[in-house]
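Just so you know, all these numbers are worked out from the coordinates, no wet-lab data involved. Just so you know, these numbers come straight off a predicted model, no measurement behind them. Positions of Cβ are backbone-derived with ideal geometry, glycine not excepted, and every protein chain shown enters the neighbour counts.
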Amino acid sequence: MSSEVNNQEKQSEYVENIAGKHLLLGVTGGVAAYKAAEFARLMTKAGVTVHAVMTESACRFVGPVTFQSLTGQPVYTDLWNTNLENNMAHIQLSRHADMILIAPASANFIAKLANGLADDLLATLCLARDCPLMIAPAMNKQMWENPATQRNIQSLVRDGVKILGPANGEQACGEVGMGRMLDVEALYFAVQQALSGDLARAPQLQGKRIVITAGPTYEPIDPVRGITNLSSGKMGYAIAQAAMESSAQVTLISGPTCLKSPAVTEMIPVLSALDMFEAVKAKAMDSDIFISVAAVADYRIAESSQQKIKKSAQKLILELEPNVDILQYVADRPNPPFCVGFAAETHDLERYATKKRKQKKLPLMVANQAQETLGTDEAALILFDDAGKHILDKALKRIQARKLIRHIAVLYTEYQLQKKNNG
Ligand code: CTP
């Protein structure tokens, strides 16, 4: 069985079937329009009827024929199409849609949506819609950071529009920063959840600030050697991606890994536990949720050498001193974020995980068997919280990550309510 089929099968374990649904895909002017074509292909493959509606500037980036070929459906570009019954494309199209996704959503189109303009087919049918609307912004970082765009985004959030991304990273203009459209996989999952009705049932993390640590730390002995923990970073990166899919703002603080950076709001690479501690102090204290996935080295070399240590026939004794427990530090602050810990153990998993949860006063501890999880793409997890234990049978890490984010969203919402009730 190919891994794609295998992954899709596993994914369908918890996301309902979306075949037969109708998606209206709005494409506006931006280089990321080519990613929308791949997204349309995947949705069509899943049995969704995709009607693409393109603005005039979108057609300058990708031809309508591309979307027509990939979806097997006519592509709409014109408010004044005389081939349509009553010339009412804007009403007809939105009447049949289960939801609308605008990807990419340009700054200009976002401004139109926020102000209720209706000067082309796509803007008109968004105004005439009777179904949920999601947008995946994509633009240059200055345009995204401009107060006008931020004001427009806030208006749309208030209007109940779901904002997917954007992410930080390399941009088509050559700059690096916020404004990149979310990856196709993240869009696919967010839309799949929305179409299956899962999103309406799931508590929302939209706009919540989530800080995640991932990977190992590296503690230098000298400029060419160091001690580290075994950790691929796969689980932490998958959690960061799943948090992005739930429309949170994600800061990923990562020790050295071989993984490609996921499309997150902010990526902070670090090396040692001390570096990670500084980054966490700067970012986690005013976050809503802190997820500590990193395999932080518990000790560092007391005095690392500035020069390469030369070998000799003598024993080499290294003195280690303890690193700060980063998670414990955050959880002990007054009014801490909602803290989630990870415990990878080789034995007595449940005993150690519950002990650590109590010791660190965490609402949620995620436990896994170290030898089965390290470096692999799959993991079996046990979640410990006030309600007891929840078993997530072995599955792909990115599937587990989505389940975990959902669990965190439920608990976080309950904690917020409790906090409010306790005054
Ligand atoms: N952790 C941390 N800083 C450290 C050590 C651990 O933030 N210096 C966090 C990890 O990211 C994880 C949790 O604490 O979320 C548990 O880490 P783990 O290594 O399993 O446990 P320790 O508390 O270090 O205890 P031990 O190594 O004795 O098992």
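Distant-in-sequence amide contacts of Tyr218, defined by a placed amide H-H separation under 5 Å and a gap of 5 or more residues or a different chain, comprise Ser272, Ala273. Relative to the longest principal axis of the Cα atoms of the chain, helix 273-284 runs at roughly 40 degrees.
Ile309: net charge of surrounding residues, Cβ under 11 Å, Lys/Arg +1, Asp/Glu -1, itself excluded? Here the charged neighbours net out to +3. Considering only Phe61, Phe338, Phe109, the mean-square fluctuation computed in a Gaussian network model of the chain, springs between alpha carbons under 10 angstrom, is largest for Phe61. Footprinting exposure proxy ranking of His51, His390, His347, fewest other C-beta atoms within 10 angstrom first, gives His347, His390, His51. Measuring nothing but how far apart in sequence close Cα pairs (under 8 Å, 6+ apart) lie, relative to its length, the chain scores a relative contact order of 11 percent.
Could you list Glu219, Glu278 so that the one with the fewest beta carbons within 10 Å of its beta carbon is first and the one with the most is last? Walk me through the intermediate numbers first.
Working: Glu219 22, Glu278 15.
Listing Glu219, Glu278 from fewest to most nearby Cβ atoms yields Glu278, Glu219.
Please compute the contact order of the range 18-196 in relative form: average sequence separation of alpha-carbon pairs under 8 Å and at least six residues apart, divided by the residue count, as a percent. Don't jump to the answer; show the numbers that get you there.
Values: 365 pairs, mean separation 40.6, N = 179.
Rounded, it is 23 percent for the range 18-196.
How much of the DSSP beta bridge set in the chain is antiparallel, as a percent to the nearest 5? That works out to approximately 35 percent antiparallel.
Quick one: helix 33-45 against the long Cα principal axis of the chain, what's the angle to the nearest 10°, folded into 0 to 90? The angle comes out near 90 degrees. Net charge of the neighbourhood of Leu122, taken over other residues with C-beta under 12 Å away and scored Lys/Arg +1, Asp/Glu -1, is -2.
Counting only alpha carbon atoms, the long axis of helix 184-195 and the longest principal axis of the chain meet at about 70°. Over the chain, dividing the summed -39,500 (n - 2.57) contributions of all DSSP H runs of at least 4 residues by the number of residues returns a 222 nm mean residue ellipticity of -11000 deg cm²/dmol. The alpha-carbon of Lys112 sits under 29 angstrom from the alpha-carbons of these lysines, leaving out residues fewer than 8 places away in its chain: Lys21, Lys35, Lys141, Lys162, Lys208.
The local environment of Arg209, defined by Cβ-Cβ distances under 9 Å, has a net charge of 0 under the rule Lys, Arg +1 and Asp, Glu -1.
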